[in-house]
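The values are calculated or read from the model by the stated rules, or taken from the named source; none is laboratory data. For clarity, every value in this text was computed on a predicted model and none was experimentally measured. Please note: Cβ atoms are built from the backbone with ideal geometry, for glycine as well, and neighbour counts cover all protein chains shown.
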Amino acid sequence: MPASHIPSHVPSHVLLIEDEAHIRRFVRAALEAEGFQVFEAESAQRGLVEAGTRQPDLVILDLGLPDRDGLEFLRDLRGWSHVPVLVLSARADEKEKIAALDQGADDYLTKPFGVGELLARVRALQRRSPQGEATAVLSFGDIRIDLVARSVFLRNAPIRLTVMEYRLLVFLTSHPNKVMTHRQILREVWGADHADDSHYLRIYMSHLRHKLEKEPSQPRHFLTETGVGYRFVG
C-alpha cells in the first residue's frame, strides 16, 4: 500500500544495515511490499551516517559487517539514539543473542528466516511505546558535543578525540549527575572483557580532563568518586 496510507503505528522509514546483497534484496522487497521506505547500508560506518541523516523509525542490523562488528555499531548508536533495532544474524548461540540485547538491540532474528516472522518482529517492535530520541547536541560549560556528526567543540573550536575518548565522553554525559562505577564504565565503553582493567579508565579520564577541563587537576565536569568511579556534572 502507498506510504501515505501506512498506519501511524508502523514506521515509514527503515534503515537496513547488511553486507550481503541477496539478503538486502529479500528484506527490502518484504518491507516495501508492506509500504515501508527502506534505506540501505553495507557497512557499520555507513550505517551510522545513514542513521544520523535519515533518522529512521527502525534499524535492521546484521552483526557480521565487513568493517566493524555489529555489537560495536550498537554501542555507538545507543550513545545518542533509542531507535528500535532488530538484529539479523547467523550467530545462533545464546551468548551471542544475550550480548546483542545487552548492547541495546530490541530483538534478535536468526538467519535463515521467513518473511512472515520478519514482519511479525517488526510489528511487535512498533507496538512498544516509543522512547523518543536523545538530544542530538549536548552542551555544558564551553563544550558542545554533536552526537550525529560525532564532533566535539571547545569554545567553538574542534577538539580531536580518539575513538575511545569519544565513547567515554558520550557515555558519561549520557548519565549526568549519576555515579558510574569503574566496572560499569569499562564494560560499556571498552566491553565486557575489560571490566577489570581500571588502569585504562584512569589514563583516558586524564586525557579527557586535559582536553576539556579548564583546570584538569581541579575538574569541574568529570569528577572522581574515590574508590567507586566517576560522575559527570554539566
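When LEU74, LEU119 are screened for being at pLDDT 90 or above, within 18 Å of GLN45 (Cβ to Cβ) and assigned by TED's automatic domain parsing to the domain that holds GLU34, only LEU74 passes. Answer yes or no as to whether ARG160 is at negative phi and in the same structural domain as ASP107 (by TED's automatic domain parsing). So ARG160 fails the test.
Within the stretch 43-59, residues that are at negative phi sit with their Cβ atoms under 7 Å from residues that are part of a loop (DSSP other than H, G, I, E, B) and among the acidic types (Asp, Glu), at 6+ positions apart or across chains, in these pairs: SER43/ASP19; SER43/ASP67; ALA44/ASP67; GLN45/ASP67.
Looking at LEU61, is it modelled with pLDDT of 90 or more, within 13 Å of the chain's Cα centre (by Cα) and buried (at least 20 other Cβ atoms within 10 Å of the Cβ)? For LEU61, the condition - modelled with pLDDT of 90 or more, within 13 Å of the chain's Cα centre (by Cα) and buried (at least 20 other Cβ atoms within 10 Å of the Cβ) - is met.
Taking the stretch 214-234 only, how many residues are under 27 Å from the mean Cα position of the chain (by Cα), crowded, with 17+ Cβ neighbours inside 10 Å and part of a loop (DSSP other than H, G, I, E, B)? Number of matching residues: 1. Screening the candidates GLU225, GLU215 for the property of being in contact (Cβ under 8 Å) with a residue 40 or more places away in the chain and either among the acidic types (Asp, Glu) or in contact with a Phe, Trp or Tyr (Cβ under 8 Å, 6 or more places away or on another chain) (or both) yields one hit, GLU225. Taking the criterion of being small (Gly, Ala, Ser) and either on the phi > 0 side of the Ramachandran plot or in contact with a helix residue (DSSP H, G or I) (Cβ under 7 Å, 6 or more places away or on another chain) (or both), the residues of the stretch 13-42 that qualify are ALA30, GLY35, ALA41.
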